[in-house]
1. What is segment 7-106's relative contact order, in percent, from Cα pairs under 8 angstrom and six or more apart in sequence?
2. Using the Karplus curve 6.51 cos²θ - 1.76 cosθ + 1.60 with θ = phi - 60°, what ³J(HN,Hα) values do you get for each residue of segment 288-299, in whole Hz, with x for Gly and Pro?
3. Sort Tyr292, Tyr283 by Cβ crowding within 10 Å, fewest neighbours at the top.
4. What's the center-to-center distance, using Cα atoms, between segment 239-279 and segment 289-358 in Å?
5. Check which residues have an amide H placed less than 5 Å from Gln358's amide H, if you skip close sequence neighbours.
6. Hey, fewest Cβ within 10 Å first, where do Thr35, Thr274 land in order?
7. In which sequence would Arg156, Arg192 go, from the one with the fewest C-beta neighbours within 10 Å to the one with the most?
8. Could you give the distance between the Cα centres of segment 143-200 and segment 95-142, to the whole Å?
Amino acid sequence: MLRQWQVECSEKALQKFRANQQHFFCQATPGAGKTVLAATVASRLLNNDMVDLVLCFSPSLTVSDGIKRTFSQILNCTFNGGLGSIGQSLTYQSIQFLNDDFWKALRNHRVFVVFDEIHHCSGSELENANVWGQQVLMKIQGLATYTLAMSGTPWRSDYLPIVMSEYSEPEGQILVDYQYTLKQAIADKVCRSPKLVLVDNEHLSVTSDEKVESFSSILEMLKQTKTSYQSVIHNQDAMEYLLGLGCKKLAEIRTQSPNAGGLVVASSVQHAQTIQKILSQKYSQSVSIVTYRHEEPLAEIERYRQSDAQWIVSVGMISEGTDIPRLQVCCHMSSIKTELYFRQVLGRILRVNEAVNQQAWLFTFAEQSLIEFSERIEQDIPESCIFIRIDTQRTFAASESGREEATKGFNIDLVSSGFDLRWNGSVERGDMVGAVPKLSKEVQFGRFKKRIISAFQTV
């Protein structure tokens, strides 16, 4: 059964297409059900004899596989591009490798093209487009009869324009045909209301070359020393503490919803393996792990989706578009600190399912960017993420306006953990770009504390 927003959006899209307008942009919060919406629009176009074929493009094999499953179910046919199929789900990466016969065949048919997570494709023209954006502009834009672009986070960290999108002037806000916000989704019980826990420390001291410096927070330490955020997320004691909070919360949720699961977003393969070891050996958790090095990552994700294992540890494989509704706890321990990625990760634990307990908890460290992202989570499209045109030249910048408004409505609580530990900052080099170098300094932690941000709560 369709959700009300999916009914409204699909009807609005059909109205626009019937009016001979080719492009429709839907911005709907992560976890709201955009793939079902797209399949519904495709079904109506096919039933009304407005198109012959359907093509879907998305940023990863994981997302592409999920789209194939959903479209096959809703359209009640195969969706693999084979004999008898009316469509296919592909990645943006694959566009450049499709041969001339593929494009010639499409030119003889009316084609509906769906662009999932369209923000991965940048460029208003070939000159400022990235590789994926260029492929869309050159090969698909003029070929498609109708197009549907979708995104839960319709902006780019590099502030480039999203392909096939329009922006207001001079504000630089993206213009969409239909918007379904996280606030609406929570009110409709389509998405869970998230709680974000920012872990900090009250008494920090850093010893380097026999010099001792004291700090009252992780933020202060990172600002005033050469200690990197990488050293925080890779430190054994820090990892154990954050993962311990996640395990405790997951255990509480599983008393009501035994199938609930947790996601850890790691920064490298070695980091993920260390996290897996902590979860399994120290906290006696059942753990799956999926990284870009897996030969069959989709199969591993599917095994976890169908199992009752407690945790899945991921490196770049479960960030957006991956539908595992039983995920309700996330430990964000990635070295990627962009608002786009942060919200995509948060979206993995927001999908409502049939479980009794529908809580959603994200744990991370109180680093400056992550603090700001957490405080802005109630802004559907943050004012810091806009595309600005100046004169005839196109430049891209971020606005810091609206920061004060972001914190309104938060129920913020500071909780001391009563946990004292000694944190040694020396770690081994990892196996990816951005891995942590060895540090010749010692970091001593005092009492941890947690700041809890409960979004969309009435005070």
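What follows is calculated from the coordinates using simple rules that are stated; it is not laboratory data. This structure is a prediction, so every number in the text was calculated from the model and none was measured. Glycine also receives a Cβ, built like all others from the backbone with ideal geometry; neighbour counts cover every protein chain displayed.
1. Worked out over segment 7-106, it gives 22 percent.
2. Each residue's phi maps through the Karplus curve to give 9, 9, 9, 9, 5, 7, 5, 6, 10, x, 5, 5 Hz.
3. Tyr292, Tyr283
4. Each part's Cα centre sits 11 Å from the other's.
5. none
6. The order, fewest Cβ neighbours first, is Thr274, Thr35.
7. Exposure proxy ranking, most exposed first: Arg156, Arg192.
8. Here the two parts' Cα centres lie 21 Å apart.
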